[in-house]
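The values are calculated or read from the model by the stated rules, or taken from the named source; none is laboratory data. Because the structure is predicted, anything quoted here is derived from the model rather than measured. Glycine also receives a Cβ, built like all others from the backbone with ideal geometry; neighbour counts cover every protein chain displayed.
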Amino acid sequence: MDYSFKTEQNFIFIIAALILSAVVAYFYYKGSKLEGPQKKLFTSLRFLSVFFILLLLMSPVISYFKTLTKDPVNIFLLDNSESLLIEKRNEKQKEIFTEKISNETPGGSEDLYFLFSSNLYKEINQEESDQLVYEGINNFQTDLTSTLYSLQERLSGKNLSTVTIISDGIFNEGGNPLTIAKSLNVPFSFILIGDTVQKKDLVLKNIFFNKTSFIESSAPINVQINSFNYDRDIKINLYSDDKLIDSKDLKVNSGQSNYNIIFNVMSVKEAIIKYKVEIAGLEDEITLRNNFEEFFIKFIDNKFKVLVLSGGPSADLAFLSEEIKKVKNFEATILTQKSPSEYYEGTLPDLSAFNSYIFIGYPTSITNPVILNDVKENLDKNNSSLIFFASRNTDYKKLSQLEENLPFKFSGYSEAEEETDIKTVSSPDADIFKSPGLLASVNSFPNIFKTASVFSANPSSETFLIMGRNSAPALIIERTDKNKSAAFLAYGLYKWRLNSSNNNSREVLNYILTSSLVAITDKEAKSKFVIETTKDVYSKYENVIFKANITNFELQGGENIKVKINGNGFYKELELMKKGNRYFEGEINIQADGNYEYTAELYSKGQLEESISNRFAIGENNFEYKLTRADNTIFSALSNETKGSNFTNQPSAEIKDFFQKSNEKSKSEYMSLQNYELNINPYYLILVILILCIEWFLRKRNNLP
């Protein structure tokens with residue numbers, strides 16, 4: 001040990017204390033009758049007592065450095081998500097936990113064991129294998145990234161040596177864990193549980209649908225299916241409130257894994273309907289818990305009065321008109337221009353009576369500008385919407401009268417015509433096109449036409465389809481307080497339905513039309529607030545989460561949102577917590593399976609402003625079963641980048657050797673400063689008193705005053 005002596009005072013004061021103590025002791029006994037050793041003894045005692053009293057007043061501290069050793073810490077993360085129930089992987093993990101882990105780590109280290117799923121779950125003892133529970137908790141997703149961030153925060157200051165993950169490698173939430181893993185600066189190793197070979201299975205992978213649809217209108221439900229190692233016909237059933245309403249047969253083969261089918265549903269009245277898509281199960285599937293999915297569609301009576309103005313008869317007009325007429329919620333008036341002020345179908349009606357306008361190759365060179373001015377006036381006055389379909393004969397100079405009401409700008413016009421393919425953008429807005437798979441069908445449609453005109457999307461608009469040449473915008477939608485418009489800047493749509501290899505072109509065009517019009521004209525967008533649950537179906541082990549936003553309402557102060565939940569003999573009122581100026585959130589746990597309805601009410605200054613109703617269900621959360629094949633891809637990347645190891649099939653001796661070497665590298669010695677404060681030490685005080693007492697006693701024995 002290295003010792004040092006320090007005080008709060010300057011060291012020169014200690015020297016002064018020594019001198020002063022010596023002077024006091026010398027003069028105190030200088031004139032006494034003591035001689036020889038006695039005089040020296042008494043002088044020394046007086047010197048020590050005075051010196052220690054002076055030291056006591058100067059708050060002395062004796063400091064020394066002590067060498068300490070920081071033991072390495074080995075972390076074991078055990079996957080506790082529901083996918084471990086596939087093929088009884090949970091039993092294999094328990095076996096590894098109880099019989100293997102305890103024998104692999106050498107002594108001289110601290111070993112910590114944690115369960116994880118969507119996050120770091122809890123710490124367990126090595127002997128308590130019964131704590132590995134895979135049902136009855138909210139473990140319906142696996143997020144290794146969040147787990148590692150939680151681990152970093154929880155073990156801050158620990159001397160981490162290794163991290164070993166025991167899992168099937170199925171991570172379905174969170175980003176890439178490599179960044180946080182590398183920042184921990186320790187080797188990551190793993191034990192993979194489960195077979196990496198894909199077993200026979202049918203999986204309902206995704207369902208794309210619009211949560212809100214119109215009554216008497218066809219609402220598409222796009223179903224994505226995975227089939228692994230089957231060559232046969234399978235059946236997919238659609239249920240409406242638990243009643244079978246449709247079935248489709250699908251032929252699958254072992255050479256293809258991805259399939260799409262589309263159901264169409266409708267309602268003749270306003271309702272919130274629960275649907276279920278289910279793949280008829282086969283006996284030899286690895287699991288049947290990924291064969292179904294449930295969801296809700298809200299059908300609303302939201303009639304739109306739509307005026308369609310066409311620059312003249314055309315194949316595109318015929319195709320578009322046919323699809324517009326199919327939408328029962330559209331009260332469509334279709335007029336085809338014959339002369340500047342005449343139309344084949346009759347006279348021009350009162351323009352103020354319409355919610356939306358659709359231009360198909362309109363205006364042309366003969367269009368009366370007064371009509372365009374009237375349209376603009378109603379767009380501005382009534383906050384109506386406009387959808388524009390381009391054609392070769394469009395007169396863009398006249399269209400410029402409506403430039404402020406369009407989602408694009410044009411810097412030049414050319415009648416030069418060229419073919420182009422149409423492609424979807426990488427990630428379209430799911431609030432507008434909730435079936436991206438259906439929209440993506442255009443990627444395989446035949447080429448159509450465009451002019452050499454130059455278009456650019458407004459900064460506040462969003463592009464959903466682009467042209468293959470120069471990635472120019474093809475479908476643009478703008479939704480702002482002042483401009484609600486959409487534009488399709490290519491033409492020749494009729495070619496889509498002439499393509500014999502694609503039989504859903506009508507459905508795709510209908511979907512583009514209705515989704516665009518709903519996005520820019522939807523009367524629900526004028527609601528004072530919106531609310532929804534984060535999922536349609538929850539497990540009873542999860543909290544139902546409500547998220548609400550005040551939209552078209554001027555805040556008065558003191559706004560609050562209450563939710564009334566009922567169903568299956570359950571009733572509860574919940575007031576959402578205010579998380580932001582307009583944002584509210586709340587959650588509740590419901591233990592009984594079943595269907596539930598809720599009514600959300602917006603209050604301002606105690607006054608009810610608006611209410612919204614919807615549904616959700618408590619049932620089985622099967623998200624963890626969408627992937628069934630054990631996957632070591634992420635594990636391999638982690639171990640390679642951090643110099644870890646794959647323990648899955650390694651002999652015990654090699655695993656022990658790995659831990660031994662890692663722990664030796666991680667052991668660290670450090671010097672710790674220790675302080676011994678004399679001024680608060682009772683022994684030091686006793687020493688001072690003892691010296692004074694000895695001096696007093698000896699003085700009395702020698703008859704000194």
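A compact table of results
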read-out: Evaluation of K667 against (1) touching a strand residue (DSSP E or B) at 6+ places or on another chain (Cβ under 7 Å); (2) surrounded by 14 or more Cβ atoms within 10 Å (Cβ to Cβ); (3) at pLDDT 85 or above; (4) not aliphatic (A, V, I, L, M) (one fails), failing number; value: (3)
read-out: Residue, surrounded by the fewest Cβ atoms within 10 Å (Cβ to Cβ), within the range 585-615, restricted to residues that are within 16 Å of A548 (Cβ to Cβ), among the hydrophobic types (A, V, I, L, M, F, W, C) and touching a residue at least 12 places away in the same chain (Cβ under 8 Å); value: I588
read-out: Filter result for the condition that a residue is among the aliphatic types (A, V, I, L, M), over 60 Å from the mean Cα position of the chain (by Cα) and modelled with pLDDT under 75, over L34, L41; value: L34
read-out: Subset of the range 396-421 that is surrounded by 14 or more Cβ atoms within 10 Å (Cβ to Cβ) and more than 22 Å from L386 (Cα to Cα) - its residue that is nearest to the chain's Cα centre (by Cα); value: D421
read-out: Those strands (runs of 3 or more DSSP E) lying entirely in the range 280-382 with at least 3 residues within 41 Å of the chain's Cα centre (by Cα) and buried (at least 19 other Cβ atoms within 10 Å of the Cβ); value: 292-300, 356-360
read-out: Residues satisfying the stated conditions in the range 577-635, i.e. assigned to a strand (DSSP E or B) and acidic (D, E); value: E585, E587, E597, E601, E609, E610
read-out: Any strands (runs of 3 or more DSSP E) falling wholly within the range 209-261 and containing at least 3 residues that are in contact with a Pro (Cβ under 7 Å, 6 or more places away or on another chain) and loosely packed, with under 12 Cβ neighbours inside 10 Å; value: none
read-out: Some residue of the range 313-326 being in contact with a Phe, Trp or Tyr (Cβ under 7 Å, 6 or more places away or on another chain), of a type in the set (D, E) and in the same structural domain as T514 (by TED's automatic domain parsing); value: yes
read-out: Selection within the range 636-660 - surrounded by 17 or more Cβ atoms within 10 Å (Cβ to Cβ), in a helix (DSSP H, G or I) and of a type in the set (S, T, Y); value: S639, T642
read-out: Odd one out for A490, checked against (1) out of contact with any Lys or Arg (no Cβ under 8 Å at 6 or more places or on another chain); (2) modelled with pLDDT of 90 or more; (3) of a type in the set (G, A, S); value: (1)
read-out: Within the range 550-575, considering residues that are crowded, with 16+ Cβ neighbours inside 10 Å and farther than 14 Å from S604 by Cα, the one farthest from the chain's Cα centre (by Cα); value: G567
read-out: Where a residue in the range 558-580 is of a type in the set (S, T, Y) and its partner, wherever it lies, is assigned to a strand (DSSP E or B), with Cβ under 9 Å and at least six apart; value: Y571/K564; Y571/I565
read-out: The lone exception for L192 - which of (1) surrounded by fewer than 17 Cβ atoms within 10 Å (Cβ to Cβ); (2) out of contact with any helix residue (DSSP H, G or I) (no Cβ under 6 Å at 6 or more places or on another chain) it fails; value: (1)
read-out: Unmet requirement for N103, which otherwise passes all of (1) buried (at least 16 other Cβ atoms within 10 Å of the Cβ); (2) part of a helix (DSSP H, G or I); (3) modelled with pLDDT under 90; value: (1)
read-out: Residue pairs meeting the criteria (Cβ under 9 Å; at least 6 apart or on separate chains; first closer than 17 Å to V688 by Cβ, in the range 26-48; second among the small types (G, A, S) and not in a helix (DSSP H, G or I)); value: F42/S32
read-out: Residues (farther than 20 Å from I686 by Cβ and surrounded by 14 or more Cβ atoms within 10 Å (Cβ to Cβ)) located in the range 21-52; value: A22, V24, A25, Y28, Y29, S32, L34, Q38, K39, L41, F42, T43
read-out: Residue check, F449 assigned to a strand (DSSP E or B) and buried (at least 18 other Cβ atoms within 10 Å of the Cβ); value: no
read-out: Residue within the range 156-176 that is under 25 Å from F623 (Cα atoms) and of a type in the set (D, E, K, R) present; value: yes
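So that you can scan it fast, the table gives a plain yes or no per residue for (1) at pLDDT below 85; (2) in the same structural domain as A653 (by TED's automatic domain parsing); (3) closer than 24 Å to D657 by Cβ; (4) in contact with a His (Cβ under 9 Å, 6 or more places away or on another chain):
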{"site": "N90", "(1), (2), (3), (4)": "no, yes, no, no"}
{"site": "G108", "(1), (2), (3), (4)": "yes, yes, yes, no"}
{"site": "S129", "(1), (2), (3), (4)": "yes, yes, no, no"}
{"site": "Y134", "(1), (2), (3), (4)": "yes, yes, no, no"}
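For (1) part of a loop (DSSP other than H, G, I, E, B); (2) touching a residue at least 60 places away in the same chain (Cβ under 8 Å); (3) over 22 Å from S356 (Cα atoms), each residue gets a yes or a no:
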{"position": "N393", "(1), (2), (3)": "yes, yes, yes"}
{"position": "K398", "(1), (2), (3)": "no, no, no"}
{"position": "E419", "(1), (2), (3)": "no, no, yes"}
{"position": "I432", "(1), (2), (3)": "yes, yes, no"}
{"position": "S441", "(1), (2), (3)": "no, yes, yes"}
